[in-house]
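Please read the structure below before turning to the comments.
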Amino acid sequence: MNEKMNSRKISDAQREISSQLQHIVERYQQNIYRREPAQYAIQELDRVEKKLSPNQKLILDSCCGVGESSFHLAQQFPDSLVLGVDKSASRLSRKNEFKRNLPENLIYIKGNIIDFWQLLDNPKWHSRMQKICLFYPNPYPKSTDLKKRWHAHPVSKHLFRIPCAIELRTNWRIYFEEFAKVSWLYGRKPDQKSLIDENFPISPFEKKYSLSGHELFSCSILSK
């Protein structure tokens with residue numbers, strides 16, 4: 001890539017993994033997350049189930065934004081069904097160039113990813129899941145916002161219990177290290193590594209951060 005962009009790097013007083021993180025996760029492990037998944041998500045997953053062929057696996061692109069990463073995943077895994085979920089109808093309906101010819105193995109759904117992580121943590125779905133992707137989530141770098149990071153949110157219990165592979169990508173080292181630590185706490189095995197093939201950015205955020213000279217990180221968690 002010869003382009004250059006100027007996206008500011010994340011900066012905050014937090015320089016290492018939060019000292020509160022393990023205590024928070026252990027508390028989640030001991031308690032039931034009592035939030036009920038929304039009815040719309042149940043209906044949407046019923047639709048997804050009908051579209052899946054008998055031996056086809058499902059890849060979930062969590063918080064997919066405009067859906068470009070979902071598009072690339074569908075091309076990369078043509079035998080799998082890719083589900084891109086984002087809470088913003090505006091982002092999903094944006095008239096991006098790649099949406100002119102979408103693959104048949106791709107579905108977009110407007111929704112809260114919390115609902116889908118909860119519902120997919122079910123033996124019925126465990127065997128159908130191939131991978132969960134979480135690319136460049138909002139890092140919430142202020143130490144006071146720790147519980148807003150996905151790995152420190154109560155729904156993390158459901159996310160890490162789904163036995164498929166999980167891949168996080170982020171441009172913040174602390175998020176990367178904390179996510180890996182939490183995966184260990186839930187009995188998963190993370191393969192931590194720095195990223196990435198900058199000639200093939202999977203999403204607009206990855207392209208922007210790469211062109212701005214950010215160090216990018218990937219945490220790939222092995223399937224059980």
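Summary of values
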quantity: Magnitude of the charge dipole, the chain, Cβ model with Lys/Arg +1 and Asp/Glu -1, debye to 20; calculated: 400
quantity: Potential lengthening between SER223 and SER53 on full extension [0.36 nm per residue; Cα-Cα distance subtracted]; calculated: 59.1 nm
quantity: Neighbour count of at most 16 Cβ within 10 Å plus DSSP loop: longest GluC sites (Glu not before Pro)-free window in the chain; calculated: 105-197
quantity: Theoretical ellipticity at 222 nm over the chain - DSSP helices of four or more residues, -39500 (n - 2.57) apiece, nearest 500; calculated: -9000 deg cm²/dmol
quantity: Span per principal axis, largest first, for the Cα atoms of the range 1-134 (Å); calculated: 47, 46, 25
quantity: Per-selection metrics, the range 114-168 (Cα): Rg and Dmax in Å; calculated: 12.1, 38
quantity: Sequence of HIS151, HIS126, HIS158, HIS72 once ranked by neighbouring C-beta atoms within 10 Å, starting from the fewest; calculated: HIS126, HIS72, HIS158, HIS151
quantity: Gain on full stretching of the segment that runs from ALA89 to ILE32 - 0.36 nm per residue minus C-alpha separation; calculated: 17.5 nm
quantity: Most mobile listed residue (ALA38, ALA180, ALA165) in the chain, GNM with C-alpha springs under 10 Å; calculated: ALA38
quantity: Ranked TRP184, TRP150, criterion: other C-beta atoms within 10 Å, fewest first; calculated: TRP184, TRP150
quantity: Descending principal axes extents, the range 21-221, alpha-carbon based, whole Å; calculated: 46, 42, 29
quantity: Low-density loop cleavage sites - trypsin sites (Lys or Arg not before Pro) in the range 93-197, where at most 12 other Cβ are within 10 Å (DSSP); calculated: LYS95, LYS142
quantity: Counting DSSP beta bridges with both ends in the range 21-221, the antiparallel % (nearest 5); calculated: 35
quantity: Label point distance in nm, LYS193-ARG15, each placed 7 Å from Cα along Cα→Cβ; calculated: 3.0
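Read the figures in this text as sums done on the coordinates, not as results from a lab. The structure displayed is predicted, hence computed values, not measured ones. We place every Cβ from the backbone using ideal geometry, glycine too, and count neighbours over all the protein chains shown.
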